[in-house]
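The values are calculated or read from the model by the stated rules, or taken from the named source; none is laboratory data. If you're wondering where the values come from, they're calculated on a predicted model, not measured in any experiment. Cβ placement follows ideal geometry from the backbone for every residue including glycine, while neighbour counts extend to all protein chains displayed. Surface accessibility is based on the protein's heavy atoms, side chains included, excluding ligands, DNA and RNA. Shrake-Rupley method; radii C 1.70, N 1.55, O 1.52, S 1.80 Å.
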Amino acid sequence: MARKIAPALLAGCSVVVKSSELTPLTAFKFMGHISKGIEAGKVDLPPGVVSVVTGYGHTMGEALCSSPIPGIISMTGSVATGQAIMRNAAANMCKVSLELGGKAPCIVMGDADLDKAVDAIVASRVIFSGQVCNCAERVYIQSSVYDAFVEKFVAKMKSVKFGAPKDAGVEYCSLINKDALTKVQGMVDRAVEAGATVLCGGAPVEGPGYLYPPTVISGAAQDSEIMQKEIFGPAIPIAKFETFDEALELANDSEYGLTSSLFTNDYRLIERARTELLFGETYINRFHFETIQGFHAGWRKSGIGGADGKHGLMEYFNTKVIYVQQ
């Protein structure tokens, strides 16, 4: 919310926030902090400049997106929701900024620091239970280090602690709801039915909420569902490649184009990745999360427009040219 509200206010806009129907309390908590700042005299914000409404997408969301009032509709969510917003916004030719799904590939080259790669990819998979569009969604490992990487990677995934939010040392908690758990389990089950192998995890566990363990899958075909569709949970498929050209082809074989990563010490490959990995963001030898001065934007079905940095601020401006002649 902050990355959308802050630049909008800086640009002089008023804001109406429509929270996800699954997470309204988060929006209320955020607005509570703003209200406390206003009451304490630390935030100078007139009433009504920032508002929160709740409701379902097909009712409240559709009403907002079909209205002639907004100057821009900015949303983070699924591809299907983004497409619905575009259809509704089209009636008034309203500008949209959409940060949608991802299927982030991680490429691990033979010269990579494997411990660094393992730590970064595990962190990029399990954060927020894997329910982040930036999350690592598939890993391609060069054959020369495949066995060594897999041994370290599976051990690290097995060591991840998950459970209730208040448990000490927990790295992630429940999936958002039963539907999310069913989706993740279904994708894993269908991968196994098609010939893939579960190296760890692979089934829900007892506990508070809808817990799914860190899961690693090998042997899934490149055109399979689990390699092509966003999992949005703590499961990840891995595959082997021989050459960097092959890795690029596999990584770019996706309808999404949000984030990607490369683990190598070869600057020739890093320079190639800069232009040949077809994603809005590429991380080199680090985990999959952006900094506020960057521009978080996806290609293809991962969205239109973006957030953060100078370019994110400019999303909330219109251009105007004045010609004066005397």
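For the chain, report the accessible area per residue in Å² (1.4 Å probe, heavy atoms, rounded to an integer).
51 Å²
Of the chain, which part is the longest with no chymotrypsin sites (Phe, Trp or Tyr not before Pro) in a loop (DSSP not H, G, I, E, B) and with at most 14 other C-beta atoms within 10 angstrom? Mind showing how you got there, number by number?
On the way: sites that count: TYR56, PHE317, TYR323.
That gives 57-316 as the longest site-free run.
Give me the net charge of ALA307's neighbourhood, meaning all other residues with Cβ under 11 Å from the Cβ of ALA307; Lys, Arg count +1, Asp, Glu -1.
Summing Lys/Arg as +1 and Asp/Glu as -1 gives -2.
In what order, largest first, do ILE34, ILE69 sit by accessible area if the probe radius is 1.4 Å? Walk me through the numbers before you get to the answer.
Values: ILE34 35, ILE69 145 Å².
My answer, sorted largest first, is ILE69, ILE34.
May I ask for the angle, rounded to the nearest 10°, between helix 79-90 and the longest principal axis of the chain, with both axes built from Cα atoms and the value confined to 0 to 90°?
Between the helix axis and the principal axis of the chain, the angle is about 20 degrees.
When the chain is treated as a GNM, springs tying every alpha-carbon pair under 10 Å, which of VAL126, VAL17, VAL216 comes out with the largest mean-square fluctuation?
Largest GNM mean-square fluctuation: VAL17.
So how strong a dipole does the chain carry about its Cα centre when Lys and Arg Cβ are +1 and Asp and Glu Cβ are -1, to the nearest 20 debye?
Here the chain has a charge dipole of around 1060 debye.
Under 10 Å, Cα contacts only: if you run a Gaussian network model on the chain, which one of ASP167, ASP253, ASP44 comes out with the highest mean-square fluctuation?
In the Gaussian network model the winner is ASP44.
Using only the alpha carbon atoms of the chain, find the Kirkwood hydrodynamic radius as the inverse mean reciprocal pair distance, in angstroms to one decimal. Mind dumping the intermediate values first?
Values: mean 1/r = 0.0469 Å⁻¹.
Roughly 21.3 Å, rounded to one decimal.
So how far, in whole Å, is the C-alpha centre of segment 93-121 from the one of segment 245-265?
The two parts, judged by their Cα centres, are 8 Å apart.
Measuring from centroid to centroid over Cα atoms, what is the spacing of segment 1-79 and segment 134-190 in Å?
Distance between centres, Cα-based: 32 Å.
Would you mind telling me the share, in percent, of accessible area of the chain contributed by carbon and sulfur at probe 1.4 angstrom?
Solvent-exposed carbon and sulfur of the chain make up 57 percent of the total.
Could you tell me which of the pairs LYS156/LYS240; LYS4/LYS42; LYS29/LYS161; LYS4/LYS301; LYS103/LYS240; LYS103/LYS158 are separated by over 24 angstrom between their Cα atoms in the structure shown?
Exceeds cut-off: LYS29/LYS161.
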